[in-house]
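The structure appears below as structure tokens.
All of the numbers you see were taken from the coordinates with simple rules; none came from a lab. It should be emphasised that the depicted structure is a prediction, and the values quoted were computed from it without experimental measurement. All Cβ positions, even for glycine, are placed from backbone atoms using ideal geometry, and neighbour counts span all protein chains on display.
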Amino acid sequence: MSSVSQEEAETKKTSELSLRLHEYYKGKIEVELKCPVSSFQDFSVWYTPGVAKPSLAIADDADLSYEYTNRGNLIAILSDGSRVLGLGKVGPYAALPVMEGKSLLYKYLGGVDAYPIVVGTETAEELVRTALYLSPSFGGINLEDIEAPKCFSVLEQLRKDSTIPVWHDDQQGTATVTIAALKNALNLTSRKLKESKVALVGAGAASVATARLLFLSGLPKESLIVCDSHGILHPEREDLDKLQLRNPWKYSLAIETNGERKKGGIKEALEGADICISAAAPGPGVIKPDWVSKMSKMSIVFALANPVPEIWPREAKNAGAATVATGRSDFPNQVNNSLVFPAVFRGALDVRARSITDEMCLAAADSLASYAEVRGLTDTHILPTMDEWELYTYEAAAVGTKAIAQNLARRTKSESELRDMAYRKISSARNKVKVLMKEGLIPNVPG
């Protein structure tokens, strides 16, 4: 059996098991109590008449909602289901299992209470309004699985108008973990980003955000070439006028990048490039080995599409790539958003941040890259894995510290205090699951 068919068989097996277990457990999350209830007399404290006292205090000072409720550890995962995973526009109902899964990851990896909210709307304006209407209930909002270019305008508007941090994981999460991986890949190949030529394959949510963080990290705009499904972006493209109206974010990349004014497709974009970062259509065969062979020596190739990378890692390696990463856990160097978003929100919530900035994203990337570097870098180990859960405490502290430095925090803590806070909350979440499983309150997986 070929390696490809083995992977397909394993994917089918996992999918069938997932369907059976989702039916058995009826989802992955539920609401539990966090305060003691010994008798019905306790209701007079937790509810009426006692609850009037904290409510009146909050009425005088809204920030006390962080002290007297769970708002300070609660975020909304907001989606319209317009671009779910690799499934596309499946709608809000079909998006709900994915949002529940995201909630699970937030709690187990970051100690963050995250509640899925799927909405039956398709316009950017309604999504923005919905997020703002929900804001009093939450300490932050994670936008999820929203199609481009709508996702750009929604995030951009909410970063201006919201008083709580708003994050779009498909943009900022992917970009942050990609920058972290790239830092260590550059280290291994003795390159500097500002002296490198980068080809960005794909111009969707992840790629646009990655470009923004690359520029903030020191890459000259003229050293980036972006390639979408119609070819390389450049100022003379025939569709540029339409692009300016429909997707001004991609339009800006067409105007500002590609100093060599290259034309063509992926093949031409990769020629002479030092780095290829691809978040395009699933492969294989989207990127050809021969194209990788035309890149510079000791090239870096990130093929991040799921479930199948744009080029198989072995093909990229055989074609001359020194370091290869994918979005899959069964290959070395998984570039996985789950290494980022739980810690970013852990850090933002712990300082009660008003926003999540690009500088906070880079602080997370630096922390993540440093954690891997301390443990030793190789061409098959440029990032930690989710098993190394203490990395989230360092990352959260770095994010919180940056928010404080940018005057975006409602409260100030030292970096060591932030790390201790993160450690307690994450370890508590993990231990609770163990206890519930041991006691049978979370039943074992059937048969």
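For the reader, a short list of remarks on this structure follows.
- Projecting label points 7 angstrom from Cα along Cα→Cβ for LEU17 and ASP161 puts them 4.4 nm apart.
- Prolate/oblate/rounded label for region 55-136 (Cα gyration tensor, a/c 1.5): oblate
- At an R0 of 35 angstrom, the distance between the Cβ atoms of ILE255 and GLU126 translates into a FRET efficiency of 0.70.
- The relative contact order of the chain comes to 14 percent, based on Cα pairs under 8 Å that sit 6 or more residues apart.
- Stretched out straight at 0.36 nm per residue, the stretch from ASP420 to GLU439 would grow longer than its current Cα-Cα span by 4.0 nm.
- Ordering of 104-113, 189-198, 415-424, 337-346 by burial proxy (mean other Cβ atoms within 10 Å per residue, highest first): 337-346, 104-113, 415-424, 189-198
- Amide H contacts for ALA353 (H built 1.01 Å from N in the peptide plane; partners 5 or more residues away or on another chain; cut-off under 5 Å): ARG410.
- Using the Karplus relation 6.51 cos²θ - 1.76 cosθ + 1.60 with θ = phi - 60°, the per-residue 3J(HN,Hα) values for region 174-189 come to 4, 5, 5, 5, 5, 5, 4, 5, 5, 3, 6, 5, 5, 4, 5, 9 Hz, with x marking Gly and Pro.
- Length released on extending from ARG375 to ASP330, taking residue separation times 0.36 nm less the Cα-Cα span: 14.2 nm
- Close amide H pairs (under 5 Å, H built 1.01 Å from N) link MET295 with GLY272, residues at least 5 positions away or on another chain.
- Applying the Karplus relation 6.51 cos²θ - 1.76 cosθ + 1.60 with θ = phi - 60° to region 66-83 yields 3J(HN,Hα) values of 6, 8, 9, 9, 7, 3, x, 10, 10, 10, 9, 9, 9, 9, 9, x, 7, 7 Hz, where x marks Gly and Pro.
- Placing unit charges on the Cβ atoms of the charged side chains and taking the dipole of region 173-326 about its Cα centre, the candidate lying farthest along the positive direction among SER229, SER252, SER190 is SER190.
- For ASP113, the residues whose amide H sits under 5 Å from its own are ILE75, ignoring neighbours fewer than 5 places away on the same chain, with H placed 1.01 Å from N.
- Cβ-based charge dipole, the chain, positive-most Cα from LEU132, SER103, PRO116: SER103
- Highest mean packing comes first when the peptides 152-165, 396-409 are listed by Cβ atoms within 10 Å, giving 396-409, 152-165.
- A straight chain from ALA62 to ALA281 at 0.36 nm per residue would run longer than the Cα-Cα distance by 74.3 nm.
- Under 21 Å from LYS434, Cα to Cα: lysines that are on another chain or at least 8 residues apart: LYS26, LYS28, LYS34, LYS102, LYS107, LYS425
- For the pair GLN6 and ASN70, a Förster radius of 45 Å applied to the C-beta separation gives a FRET efficiency near 0.50, rounded to the nearest 0.05.
- Estimated dipole of region 159-275 in Debye, rounded to 20 [Cβ of Lys and Arg +1, of Asp and Glu -1, Cα centre]: 260
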